[in-house]
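The values are calculated or read from the model by the stated rules, or taken from the named source; none is laboratory data. Here the structure is a predicted model, which is why all the values come from computation and not from measurement. Virtual Cβ from ideal backbone geometry, glycine too; neighbours counted across all protein chains shown.
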Amino acid sequence: FDYLRWRGDLTFARDGFNEVDNLVLCILSYINFRRIDAVHTKDPAAAPTLAQVAPLLTDKDDQLGLSELSYLPLLRLAAQTERFRDLRLFGYTHEYDEQSAKQFDALSFLVPDGTLFVAFMGTDTSLAGWKEDFNMAFICPVPAQLSAVKYLERIAAGTDGALMLGGHSKGGNLAVYSAVFCSEAVQNQLMRVYNNDGPGFQEKILQTEGYRRIKPRIKTILSQNAMVGTLLWNDCDYTVVKSTAALLGAHDGF
């Protein structure tokens, strides 16, 4: 919120995309856009702007995930800033299957500079979502990881421009996994993959050719006192963010 108030007047043309922009968009991906049909479009040119979407959302569209705080105030404030108001929201996808323990949500943004940012949502409060998280310790791939690859390929097919990926918590894992297992052509479009305190992988994933190709473009951000981002295997360089909270409290994107 401080960033939006202090720096929200700076357009992307004046100050390029950064780590905080990534986290803002990853948090916005937690919001439930199922009622907003315009956000479901696969055409970024036809997609509504953040300023157009904000008035359509009500409290019933909030989706808290692991946070005790509402995400809607962040969206509404971002929609008032010069920096974020003209971002276009498209490609909203929600896939849920309790029988197969699948919870997958994703949202894409067209940044005014022409870059596409794909945000994978983290865990919601559903039983399937939590079961899938635990399955990641001994099953690879889980259903959401496969969906993430298909989603990225679909979004990338509509552009030959720059791509960035990101996600918070499980969403960070999905961002990295999709970057590892997408086609080499899509990998060539990737500028940066942001993993915001997401868990790692089974060790065999780190030994694949796809992982070695995209490893230099992975930006891993961990919270000082959180434990989620240190689960399983992860050999990327990382940045630690100071936090006064502990455990899941420190894992909260806010």
Residue hits (region 32-55; within 16 Å of Asp86 (Cβ to Cβ) and in a helix (DSSP H, G or I)) are Ala38, Val39, Pro44, Ala45, Ala46, Leu50, Ala51, Gln52, Val53, Ala54, Pro55
Residues satisfying the stated conditions in region 193-219, i.e. at negative phi, buried (at least 17 other Cβ atoms within 10 Å of the Cβ) and in contact (Cβ under 8 Å) with a residue 40 or more places away in the chain:
Tyr194, Asn195, Asn196, Gly198, Pro199, Phe201, Ile205, Ile218, Lys219
If you take the residues of region 200-221 that are aliphatic (A, V, I, L, M) and at pLDDT 90 or above, which of them is farthest from Val176 (Cα to Cα)?
Ile221
Does Asp86 qualify as being closer than 27 Å to Pro48 by Cα, modelled with pLDDT of 95 or more and more than 18 Å from the chain's Cα centre (by Cα)?
yes
Among the numbered conditions (1) in contact with a strand residue (DSSP E or B) (Cβ under 7 Å, 6 or more places away or on another chain); (2) surrounded by 19 or more Cβ atoms within 10 Å (Cβ to Cβ), tell me where Tyr30 comes up short.
(1)
Please go through (1) surrounded by fewer than 17 Cβ atoms within 10 Å (Cβ to Cβ); (2) modelled with pLDDT under 95; (3) not aliphatic (A, V, I, L, M) for Phe104 and return the number of the only condition it doesn't satisfy.
(1)
What number of residues within region 180-215 satisfy the criterion of being over 24 Å from Ala226 (Cα atoms) and not basic (Lys, Arg)?
18
